[in-house]
1. Can you list residues from other chains, or at least 5 along the same chain, whose modelled amide H is less than 5 Å from the amide H of residue 11?
2. For the chain, find the longest principal axis of its Cα atoms and tell me its angle to the long axis of helix 106-123, 0 to 90°, nearest 10.
3. From the phi angles alone, apply the Karplus equation (6.51, -1.76, 1.60; θ = phi - 60°) to segment 46-53 and give each ³J(HN,Hα) in whole Hz, x where the residue is Gly or Pro.
4. No solvent, one uniform scatterer per C-alpha: report log10 I(q)/I(0) for the chain via the Debye equation at q = 0.12, 0.13, 0.18, 0.19 1/Å, two decimals.
5. Convert each backbone phi in segment 21-34 into a coupling constant with the Karplus relation 6.51 cos²θ - 1.76 cosθ + 1.60 (shift: θ = phi - 60°), then list the ³J(HN,Hα) values in order as whole Hz, x for Gly and Pro.
6. Which ³J(HN,Hα) values, rounded to whole Hz and listed in residue order, are derived for segment 54-63 from phi using the Karplus coefficients 6.51, -1.76 and 1.60 in 6.51 cos²θ - 1.76 cosθ + 1.60 with θ = phi - 60°, glycine and proline given as x?
7. Excluding residues on the same chain fewer than 8 positions from residue 39, give the aspartates and glutamates whose Cα lies under 20 Å from its Cα.
8. So what is the 222 nm mean residue ellipticity for the chain from helices alone, if each DSSP H run of at least 4 adds -39500 (n - 2.57) and you divide by all residues, rounding to the nearest 500 deg cm²/dmol?
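Throughout, read-outs are computed from the coordinates displayed, never taken from laboratory work. None of the values given here were measured: they were computed from a predicted structure.
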Amino acid sequence: MPLKMITTPRGSIVTTKNGKAELTWNSDFAARRNAQFTKKQMFIDSEVLRRCSPRVPIKTGMLEKSGKLGTSIGSGEVNYIAKYAAVQYYATSDTRPYDANRGAHWFERMKVAEKEDILRGADKI
């Protein structure tokens, strides 16, 4: 029986003379894939912060800054760490008299409006 080989970016499968298949992973596949995922996650995290910024209620600007301080870019979690962030997010109006775009549920409102743009950008990475 001739040797057969199937090669992919993840590795290769070789059929040996005794008919057994042998799987060999490319040694750098996991590192390359993880680096790609990390870049995409960093892009998504930073875009979420950037695109939520015009929707976050603003009085002194500290609530918005707490998002930047509380978020580790690339972690997959965006955290607004101001003590009053949860109240502003869940227990206030979705608009403000000074700016109709700013108000509660800023992430949900941003997601409805801009999710597809963020995903398209991540796909390009």
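1. Amide H neighbours of residue 11: 26.
2. The helix 106-123 is inclined about 30 degrees to the chain.
3. For segment 46-53, the Karplus-derived couplings read 5, 5, 4, 4, 5, 7, 7, 3 Hz, x marking Gly and Pro.
4. Debye curve over Cα of the chain, log10 I(q)/I(0) at q = 0.12, 0.13, 0.18, 0.19 Å⁻¹: -0.59, -0.64, -0.94, -1.01.
5. So the J values, rounded to whole Hz, are 8, 10, 9, 10, 7, 5, 5, 9, 4, 4, 5, 5, 5, 5.
6. x, 10, 6, x, 10, 10, 10, x, 6, 5
7. 28, 47, 77, 114, 116, 117, 123
8. -15000 deg cm²/dmol
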